[in-house]
Amino acid sequence: MLEKGKTTIVLFSGDYDKAMAAYIIANGAAAYDHEVTIFHTFWGLNALRKNEKIDVKKGFMEKMFGKMMPKGADKMGLSKMNFAGIGPKMIKNVMKKHNVMSLPNLIEMAQEQEVKLVACTMTMDLLGLQKEELLDDIDYAGVAAYLADAKDGHVNLFI
Amino acid sequence: MLEKGKTTIVLFSGDYDKAMAAYIIANGAAAYDHEVTIFHTFWGLNALRKNEKIDVKKGFMEKMFGKMMPKGADKMGLSKMNFAGIGPKMIKNVMKKHNVMSLPNLIEMAQEQEVKLVACTMTMDLLGLQKEELLDDIDYAGVAAYLADAKDGHVNLFI
Amino acid sequence: MLEKGKTTIVLFSGDYDKAMAAYIIANGAAAYDHEVTIFHTFWGLNALRKNEKIDVKKGFMEKMFGKMMPKGADKMGLSKMNFAGIGPKMIKNVMKKHNVMSLPNLIEMAQEQEVKLVACTMTMDLLGLQKEELLDDIDYAGVAAYLADAKDGHVNLFI
């Protein structure tokens with residue numbers, strides 16, 4: 001009788017603040033017993049990168065992309081007031097002061113709450129990101145799987 | 001029998017043009033008798049700021065944020081072609097010529113149409129914004145209240 | 001018995017990568033037999049511009065906007081790592097290498113799959129874009145038509 005809510009989020013953005021919003025909504029929805037999926041595509045994949053350098057074979061372009069993009073959630077910039085990296089530090093200070101969880105902690109919490117974290121395989125190809133470089137225990141899928149989830153979603157967002 | 005439509009918008013962006021899009025959709029939906037909520041979070045909170053300086057006690061960081069962020073809808077920049085503030089002037093001129101409502105007018109209209117304007121309390125804390133600095137007759141809530149609304153929404157957007 | 005899925009996308013952004021995401025989702029949904037609408041508003045209209053110069057009468061402001069905005073999908077920049085136009089070239093190279101369709105091809109495919117491409121008439125007025133400057137066989141409508149579509153949509157996104 002009781003229908004379980006379902007929330008899907010496409011995380012396209014590679015900004016720290018936007019990813020935070022995505023993960024706060026996802027964790028909230030999971031706490032309310034929604035089935036939640038975050039589909040990471042394009043720059044949003046960076047939120048799933050491990051923060052150490054991983055040795056994998058890559059072509060020239062893939063190496064370039066790998067170097068230019070932030071290695072993991074903690075290295076991402078802000079969508080506004082980034083100020084060459086000072087903005088994120090300010091925000092993180094204020095977050096600590098107000099006991100707001102950091103993005104890496106929000107991601108960890110999402111994994112504990114069994115939010116399904118999906119990496120878009122097409123973008124992984126494009127940007128030359130390999131499974132070894134991404135967090136463990138995530139899923140890999142394409143747009144078809146996203147749409148199958150979203151079709152029954154109550155809340156579907158593109159962030 | 002007739003089910004009333006429900007629209008929810010998360011306004012995350014602090015850009016004039018994106019906020020305009022949010023408020024145009026919200027006013028349109030309200031005109032079609034939808035129940036409409038705009039949940040203002042992160043930079044989207046700036047759309048709700050009063051345009052005068054309000055005297056409230058703040059810490060150093062909160063003062064900094066308060067100074068750097070636009071004071072109200074009319075001071076917001078464009079997401080594209082901002083050109084250090086010339087872009088918004090151009091757009092506003094063209095809007096006047098074509099009888100398109102300005103953002104402050106769209107917000108006023110939304111309040112008249114009983115669109116529920118919500119300020120995200122977590123972000124208010126983070127950015128050090130206080131109730132006195134925001135428009136009158138708005139609501140205050142967190143992500144749980146947003147999700148409760150969005151769960152039954154027919155149109156849920158993140159802008 | 002079988003309800004046909006319905007997907008609506010507001011394409012607000014004028015970035016190549018975001019428009020790609022919109023068209024990939026749209027084409028995917030159409031392949032799964034969804035009824036799909038992309039409502040192009042603000043900078044998203046640029047994706048529908050023809051790439052040649054069209055001779056139409058315009059006021060000064062409209063000419064300025066026309067010159068400053070990209071003429072068609074292929075001229076659009078990236079939301080991240082644009083690097084004064086080098087970013088899009090890099091991405092397009094990598095896309096070709098991985099057999100990912102270019103944005104102009106994705107738009108063509110959407111038209112073949114009968115995705116409804118709508119140009120927002122209010123924004124056309126604002127930015128001074130005329131029907132002659134946009135792709136053939138598209139629709140023209142305002143926010144009311146969008147909302148009528150979205151009200152029954154299973155997946156409604158703002159990109």
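The values are calculated or read from the model by the stated rules, or taken from the named source; none is laboratory data. As the structure is a computational prediction, the values presented were derived from the model and not from experiment. With ideal geometry, Cβ positions are generated from the backbone for all residues, glycine too; neighbour counts draw on all protein chains shown. The area values use the complete protein model at the heavy-atom level, side chains included, leaving out ligands, DNA and RNA. Shrake-Rupley method; radii C 1.70, N 1.55, O 1.52, S 1.80 Å.
Accessible surface comparison of C:Ile25, A:Ile86, probe 1.4 Å, protein chains only, largest first: the order is A:Ile86, C:Ile25. Assuming R0 = 35 Å, can you tell me the calculated FRET efficiency for the pair B:Lys89 and A:Ala84, based on Cβ-Cβ distance, to the nearest 0.05? Efficiency, rounded to the nearest 0.05: 0.85. With a Cα cut-off of under 19 Å and a minimum spacing of 8 residues unless on different chains, the lysine pairs in the range C:77-159 number 5.
In nanometres and ascending order, the distances from the B:Asn99 label point to those of the other copies are 5.5, 5.5 (point 7 Å from Cα along Cα→Cβ). With +1 on each Lys and Arg Cβ and -1 on each Asp and Glu Cβ, how big is the dipole of chain A about its Cα centre, in debye rounded to the nearest 20? That gives chain A a dipole magnitude of about 820 debye. Extending 7 Å from Cα along the Cβ direction at B:Lys97 and again at C:Met64 yields two label points whose distance is 0.9 nm. Distance between the pseudo-spin-label points of C:Ala144 and B:Ala31 (7 Å out from Cα toward the beta carbon): 0.7 nm. Relative to the other identical copies, C:Met64 shows label-point distances of 3.5, 3.6 nm, where the label point lies 7 Å from Cα along the Cβ direction and values run shortest first. The GluC sites (Glu not before Pro) of the range C:32-111 that meet both conditions, a loop assignment by DSSP and at most 12 other Cβ atoms within 10 Å of the site Cβ, are C:Glu52.
Distance between Cα centroids, the range A:55-108 to the range A:112-159: provide it in whole Å. The range A:55-108 and the range A:112-159 have Cα centres separated by 19 Å. Of the beta bridges in the range B:6-158, as assigned by DSSP with both residues counted there, near 5 percent are antiparallel.
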